[in-house]
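Student: Starting off with a structure, shown below.
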Amino acid sequence: MSEKKRMGLYLGIVFVLAWGAYIVAWVCGLHYGDTGFRTVLTIAAFFPALAMIICRKVGDEGYDLDDAYIAPHLRGNVRRYLFAYFFPLFLVCLTCLLFFTFFPENCDLAATEFLDGMVEMGMERERAVGAMYSQIMMTIVAGPLINVLITFAEELGFRGYLLPKLKHCFQKYTGLKSALVCGAIWSVWYLPLYGDGYLYGTGYPGYPVLGFVTGFLFYGLLGVILSYFAFKTGSVIPGALLRSGISAMAVTGVYFTTGESYLVVGPSVYGLCGCLTLLLFALLYGLRMLRMERQGVLYYAPPPPRKKRKRTKVAKK
């Protein structure tokens, strides 16, 4: 079976399973925000990994850990793992900075409106402040681990299986082109959800077209960054940590927002301000991919084995 046929089989399986699940849920009266639909979304996140397993079985490709981008490859990549782990924090801070620069009237560093809501629910203000900052610290420290199993399953299919296959479709600038195409396909995979209020709700101006455009841009740009980490580390684990952290911290900026605002704009990282921030990183990593590919150092290569120290024997007197 050719690589193009394997890609076609993978895309057919992953799109039919996910979109079919959404359609069945909508027919049954479930919508985004319902507990039942959240379950559907969780199950759908495992479809890319399931499609990968089916394709490897049908195509007789085997399940080599390196070939499937499953091996962690920590040696030589610790700094990239650390950056992937804390990248969501940088993204949230820069997105909030951009949003509050554009909309200073929505900035409330004291989180007054959010804390007032917690007080109205019966919590003492001091406890509310402590709970809010405890939640923020927990998402910073543990956010990349909270949903890592779900994001790992998704990355396993798109960056672990589809991305390497796309490299065979291009003769020049294969790394960047495959990253862009993989990110675009991944974005399309999410498209039907925005009409149901996914990430942005339904009450914003320009619904649902603006949601379709913003969501497509967000996942497309993020896909370039995730592809870079997959290429350099030879593993989808850093990308899974990064994705999990974004999911956990995405709306942290809402705590410090007052007045009327729309998530499709900000301060959620999924909004337009988040897309502008991601654009900066995507451009940086895209240019880095071009430079590294010309130098022949873009794709993961095992580091040389460590030299064993020779033990010198001490002569006995």
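Every number in this text was worked out from the coordinates using simple rules, so none of it is lab data. Only a predicted model underlies this, so the values are computations on that prediction, with no experimental measurement involved. Cβ: placed from backbone, ideal geometry, glycine included. Neighbour counts: every protein chain shown.
Student: For segment 131-258, just say rounded, prolate or oblate: build the C-alpha gyration tensor, square-root its eigenvalues into a ≥ b ≥ c, call rounded for a/c under 1.5, and beyond that prolate if a/b exceeds b/c, oblate if not.
Tutor: oblate
Student: Enumerate the amide H contacts of Cys107 below 5 Å, restricted to partners 5 or more residues apart or on another chain; note that Pro and chain-start residues carry no placed amide H.
Tutor: Hits under the 5 Å cutoff: Thr258.
Student: A further question on this structure: Kindly write out, for segment 263-270 in residue order, the coupling ³J(HN,Hα) from the Karplus curve 6.51 cos²θ - 1.76 cosθ + 1.60 (θ = phi - 60°), rounded to whole Hz, with x marking Gly and Pro.
Tutor: Calculated HN-Hα couplings, in order: 4, 5, 9, x, x, 4, 5, 6 Hz.
Student: Sticking with this structure for a sec: How large is ³J(HN,Hα), in whole Hz, for each residue of segment 272-282 in order, when computed from phi with the Karplus curve 6.51 cos²θ - 1.76 cosθ + 1.60 and θ = phi - 60°, using x for Gly and Pro?
Tutor: 4, 5, x, 5, 5, 5, 5, 4, 4, 5, 5
Student: Given a 10 angstrom Cα cut-off, can you work out which residue in Leu163, Leu263, Leu41 is the most mobile in a GNM of the chain?
Tutor: Taking springs between Cα atoms under 10 Å, the residue moving most is Leu41.
Student: For each of Phe114, Phe152, count neighbouring Cβ atoms within 10 Å of the residue's Cβ, then give the residues from fewest to most.
Tutor: Starting with the residue having the fewest Cβ neighbours, the order is Phe114, Phe152.
Student: Spelling out what I want: for every residue of segment 236-251, take phi, set θ = phi - 60°, compute 6.51 cos²θ - 1.76 cosθ + 1.60 (Karplus), and round to whole Hz; glycine and proline get x.
Tutor: Coupling constants for segment 236-251: 8, 5, x, x, 5, 5, 4, 4, 5, x, 4, 4, 6, 9, 3, 10 Hz.
Student: May I pose another question? How about Lys4: which aspartates and glutamates have a C-alpha closer than 18 Å to its C-alpha, ignoring those fewer than 8 places off in the same chain?
Tutor: Asp60, Glu61, Asp67
Student: For Ser235, enumerate residues with amide H under 5 Å from its amide H, sequence gap 5+ or separate chain, H modeled in the peptide plane.
Tutor: Hits under the 5 Å cutoff: none.
Student: Oh, and also: If neighbour count is taken as other Cβ atoms inside 10 Å, put Lys232, Lys4, Lys177 in order from fewest to most.
Tutor: Result, fewest neighbours first: Lys4, Lys177, Lys232.
Student: How far is helix 148-157 tilted, in degrees, relative to the longest principal axis of the Cα atoms in the chain, given as a value from 0 to 90 rounded to the nearest 10?
Tutor: So the helix axis and the longest Cα principal axis differ by about 60 degrees.
Student: Follow-up question, since we're still on this one. Report, in degrees rounded to the nearest 10, the 0 to 90 angle that the Cα long axis of helix 125-146 makes with the longest principal axis of the chain.
Tutor: 30
Student: Using a 10 Å Cβ count of at most 11 others and DSSP loop calls, identify the longest part of the chain lacking such GluC sites (Glu not before Pro).
Tutor: Of all site-free stretches, the longest is 125-259.
Student: Using only the alpha-carbon atoms, how far is helix 209-233 inclined from the longest principal axis of the chain? Give it as 0 to 90 degrees, nearest 10.
Tutor: That works out to roughly 30 degrees.
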